[in-house]
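Student: Have a look at this one before I ask anything.
What follows draws every value from the coordinates through simple rules; no lab data is involved. Bear in mind that the values here come from a model prediction, so they are computed numbers and not experimental data. A quick note on method: Cβ atoms are made from the backbone with ideal geometry, for glycine too, and the neighbour counts reach across all protein chains shown.
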Amino acid sequence: MEKLLENKCAVITGANRGIGRAITEVFAQHGASVFACARKKNPAFEEDMNVLEEKYGSSIHPVYFELCDSEGMKEAVKEIRSKKKPVDILVNNAGILSGYQRFSMMPLQDVRKLFDVDFFAQMELTQLILRLMQRNKKGSIVYISSIASLDGFFSSYDYVACKAAVNAAMKQQAREVGQSGIRVNAVAPGIVQTDMIKDSDKDNLNSILPAIMLQRFGTVQEIANAVLFLASDLASYVTGQVLRVDGGTNPPRANWQGGENG
Ligand SMILES: NC(=O)c1ccc[n+]([C@@H]2O[C@H](COP(=O)([O-])OP(=O)(O)OC[C@H]3O[C@@H](n4cnc5c(N)ncnc54)[C@H](OP(=O)(O)O)[C@@H]3O)[C@@H](O)[C@H]2O)c1
């Protein structure tokens, strides 16, 4: 198998579970050395990363910080810098979902909280990592957005608005850093059955199925493969784009009204 990320070094947030864990595995499989970021030190996570290292022969270095702890983030980036590996790739994956409240009922502090994690923390981390990339005059940044940013979704006003802001910020960053040889893109997954949606109303989720051309939800590996493409040199002329990875979800056919709780 051709390794698409040989000699590349990646920083991936939310590497301990869900889509981030899958991205970490596919990156290791393709020869990247990975700074696998998780919120808290955790022996099970370290063991899991060791298993991946051995399986694929790639280096995986766990790094710990809470996204909203600015000082902790700076320390983590210092730690990354101290390893003296030029960072080629940043995947802004970690995030939270809202509590499915309608716009008319949504407390402002909930919207702020979601933006803190899903927008401002990613912005801060990207600024810090960009400084490392700009020295090398190359790099690829991939945000994990959502089709919610393009179509709306149930009653998640804050999440939809935040992911749309991520798309716009991504595009502006791509414009600013293109001349430094850095590409910035986003993957917009459709529904993927991770912990993030485990509390979602099952009827609401199932109501989406008929609107998906492939008639099924996506897997974490399918999202990770799209991130791999955008991160790799295969996408060397792709920047400023939002790539839908959603099995052909056709919003007009989806019954996404939801009730009071979704
Ligand atoms: N699943 C879907 O259907 C779907 C669809 C579209 C887009 N997405 C996007 O895909 C990305 C990954 O989602 P997922 O489904 O893999 O979610 P997940 O299984 O819930 O995983 C979320 C990850 O983000 C980390 N995280 C959350 N808040 C954090 C914080 N404050 N500081 C540090 N780490 C934090 C979590 O760490 P802990 O384990 O410590 O909590 C975990 O590693 C998100 O950006 C999400 O919006 C998901």
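Student: Antiparallel DSSP bridges in the chain: what percent, to the nearest 5?
Tutor: Counting only bridges with both partners in the chain, antiparallel ones make up about 5 percent.
Student: Could you give me the ³J(HN,Hα) list for the stretch 44-51, computed from phi with Karplus coefficients 6.51, -1.76, 1.60 and θ = phi - 60°, whole Hz, x at Gly and Pro?
Tutor: 5, 5, 5, 4, 4, 5, 4, 4
Student: Let me ask something else. Between Ser207 and Glu124, what is the FRET efficiency for a Förster distance of 45 Å, r being their Cβ-Cβ separation, to the nearest 0.05?
Tutor: FRET efficiency, Ser207 to Glu124: 0.75.
Student: A follow-up question, please. Mind scanning Lys78/Lys137; Lys113/Lys138; Lys3/Lys78; Lys84/Lys138 and naming the pairs with a C-alpha gap bigger than 22 Å?
Tutor: With Cα atoms farther than 22 Å apart: Lys113/Lys138; Lys3/Lys78.
Student: Using mean Cβ contacts within 10 Å as the protection proxy, how do 55-67, 210-222 order, highest first?
Tutor: 55-67, 210-222
Student: Further question: Sorted by mean Cβ packing within 10 Å, highest first, what order do the peptides 227-238, 4-15, 196-207 take?
Tutor: 4-15, 227-238, 196-207
Student: Also, quick follow-up: Can you list the aspartates and glutamates whose alpha carbon sits under 19 Å from that of Lys8, skipping same-chain ones fewer than 8 residues off?
Tutor: Correct list for Lys8: Glu25, Glu53, Glu54, Glu79, Asp88, Asp233.
Student: Using amide H atoms built in the peptide plane, which far-off residues or other-chain residues are under 5 Å from Val63 H to H?
Tutor: Long-range HN contacts for Val63: Ala36, Cys37, Ala38.
Student: P(r) of the chain in 10 Å steps, Cα pairs, percent per bin?
Tutor: 7, 31, 37, 20, 5, 0
Student: Next question, about the same structure. GNM, the chain, Cα, under 10 Å: largest mean-square fluctuation among Arg244, Arg81, Arg183?
Tutor: Arg81
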